[in-house]
Amino acid sequence: MRIICCKFGNKFTDWHVDNLKHMIDNYSGLKYDSFEVIEDNPYNNWFNKLQMYDRFRDGENLYFDLDVVIFNKLPKLTRKYFTLLDDTWWREPAHTPLNSSIVSWTGDVSYVWNTFKLYEDEMLKKYTRGSDEFYFEEIDYYDTYEPVCPSIKDYLYENPKDYSICTLGQMHHLMEKGWSGWYSDYFIQR
Amino acid sequence: MIKICTVFFEGKYSPDYISKFYDSLKRNTTVPFEFVCLSDTDVKADLVLPYNKHSNIKLHWHKLKFFSPQFAYQKPGDEIIVMDIDQVITNNIDDLINYPVKDNEFISYHTWWPRNIKVNGGFYKFKSGDFDYIWNDFSLNPEYWQTHYYENGDVHYKYYGEQNYVDWKLFEKNITITKVPGEWLGKYTDNRKDMIEMNKLYSKLFNTDYMILDNVNEKIKIVHLNGATNNKIWNIQ
């Protein structure tokens, strides 16, 4: 199994990559064969993530955003079919119900990349609010996870007992120096 | 523990303003405190926290982080004071720093000159965590709030309006704002005409001498500079 993450731009640093690996190695219970970091930055935005569907066309793949906190043994997240999060159990759908903070697939799903690449200019103009809207509008075949990853905004002061991972989303500042809460115990010391 | 919290970013002021402010606080109060500065450069403070230039949080809006009990290593029961750095301390401020604060009470300067909001961002005092929603709600949609008051015409510069947002959140939650005595606060601007009007108003409201002529009125503990940077008042500090 391959674990994948992306680091590009100024928002995330080597610390965030090391931190994700630290949480996976120490709390998730995941066993993996390789830990892959995509750093190529052709688009200077979230569309960079789509490169993983071109690059990894075999085996089991499990992608994580860098702004998550993993604090316990994860449920089985690897999937045969292309699968991502549906957030509508904890928020309004807004412009997309989907969230690609966690994505899994087995084998070749390069159609996702190809769909983007074929109409790249149009896609870049059309989906200015993120790749999650692109998935929702342009990709016909996907599955979604059962509720596995709530937002930390609803669990700022106490970790969610029924889950083992939270997305930080807009609250990624919680990873900066100076912030301390239950989540800090799972991060690498700054 | 009393934490005095500030934000500094390079631009209008240089790091030595923080040093002056810190030294001046130490000199003018006997009350123990920890001086915290969220800064984009190394400054003189008991605790310096990084101002993340790559964050979507702009300018003074970083001040709102101090409303979260999870920021700056706050502990339950800590008294949090958030201050602007463009202030000159002209007298002993024990009564200001030690101003008693109850649970769920928000203390700010009494802004005695005409103004359309109740809080004054120069000074907030509250108990750690009592107003966590000010930061928590803001952090869910900073892009909206950071331009809202500019687009609404309430402020004249883009990304201004942090005080307006705090004012709104307190109004929304029906929080009464406690004001420290107005005569403790002076205001200084580089506009001579404005200063004359302020001097007259201060004198009338508090039945005393003018606010600032050759010297600062002895009732004043601290002078808030509204954009003034190059003037003799800095030397008092």
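Some notes on this structure:
- Residue A:26/residue B:154 FRET efficiency (R0 41 Å; Cβ-Cβ; nearest 0.05): 0.30
- The length gained on full extension between residue B:226 and residue B:16, counted as 0.36 nm times the residue separation minus their Cα-Cα distance, comes to 73.8 nm.
- Each principal axis of the range B:1-115 carries a Cα extent, and these read 37, 34, 30 Å when sorted largest first.
- Cα gyration tensor, the range B:61-107 - rounded (a/c under 1.5), prolate or oblate: oblate
- The mean number of partner chain beta-carbon atoms within 10 angstrom of a residue's beta-carbon across peptide B:64-71 is 4.
- Pairwise FRET efficiency - residue B:207 versus residue A:54, Cβ, R0 = 56 Å, nearest 0.05: 0.15
- Cα pair count fraction exceeding 20 Å, expressed as % - the range A:78-190: 51 percent
- For the protein assembly as shown, fraction of C-alpha pairs farther apart than 28 Å, in %: 56 percent
- Averaged over A:174-185, number of beta-carbon atoms from partner chains that fall within 10 Å: 4
- Alpha carbon Rg of the range B:37-90, scaled by the compact-globule rule 2.2 N^0.38 Å: 1.21
- 20 Å Cα-Cα reach of residue B:173 towards aspartates and glutamates, excluding residues that sit fewer than 8 places from it in its own chain: A:154, B:103, B:105, B:130, B:132, B:137, B:162
- Cα gyration tensor shape of the range B:102-183, rounded if a/c is under 1.5, else prolate or oblate by comparing a/b with b/c: oblate
- Subset of B:63/B:200; A:7/B:44; A:7/B:169; A:11/A:73 violating a 30 Å alpha-carbon distance limit: B:63/B:200; A:7/B:44; A:7/B:169
- Size estimate for the range B:114-237 follows the Kirkwood approach: the inverse of mean 1/r over distinct Cα pairs works out to 16.6 Å.
- For the range B:93-102, 3J(HN,Hα) per residue [Karplus equation, 6.51 cos²θ - 1.76 cosθ + 1.60, θ = phi - 60°, Hz, x = Gly/Pro]: 10, 3, 5, 6, 5, 8, 3, x, 10, 9
- Here the contact order of chain B, divided by its residue count and restricted to Cα pairs under 8 Å and six or more residues apart, works out to 21 percent.
- Distance between the range A:1-57 and the range B:55-93 - C-alpha centres, whole angstrom: 35 Å
- About the centre of its Cα atoms, the protein assembly as shown shows a dipole size close to 1220 debye [charges on the beta carbon of Lys, Arg (+1) and Asp, Glu (-1) only; nearest 20 debye].
- Each part gets one Cα centre, and for the range A:89-136 versus the range B:205-224 those centres are 61 Å apart.
- Global geometry of the range B:49-207, whether rounded, prolate or oblate, following the gyration tensor of its Cα atoms and the 1.5 cut on a/c: oblate
- For the protein assembly as shown, with +1 on Lys and Arg beta carbons and -1 on Asp and Glu, the positive-most of B:66, B:177, B:37 along the dipole: B:177
- For the range A:16-107, the solvent-accessible area with a 1.4 angstrom probe is 43 square angstrom per residue.
- Based on protein heavy atoms only, chain B ends up with 46 Å² per residue of surface accessible to a 1.4 Å probe.
- Beta bridges per DSSP with both ends in the protein assembly as shown, % antiparallel, nearest 5: 45 percent
- Links that overshoot a 19 Å alpha carbon limit, given the list A:21/A:117; B:53/B:158; B:127/B:221; B:118/B:204: A:21/A:117; B:127/B:221; B:118/B:204
The values are calculated or read from the model by the stated rules, or taken from the named source; none is laboratory data. Please read all numbers here as calculations on a predicted model, not as lab measurements. Neighbour counts run over all protein chains shown; Cβ positions are idealised from the backbone, glycine included. Note: areas computed on protein heavy atoms with side chains; ligands, DNA, RNA excluded. Shrake-Rupley method; radii C 1.70, N 1.55, O 1.52, S 1.80 Å.
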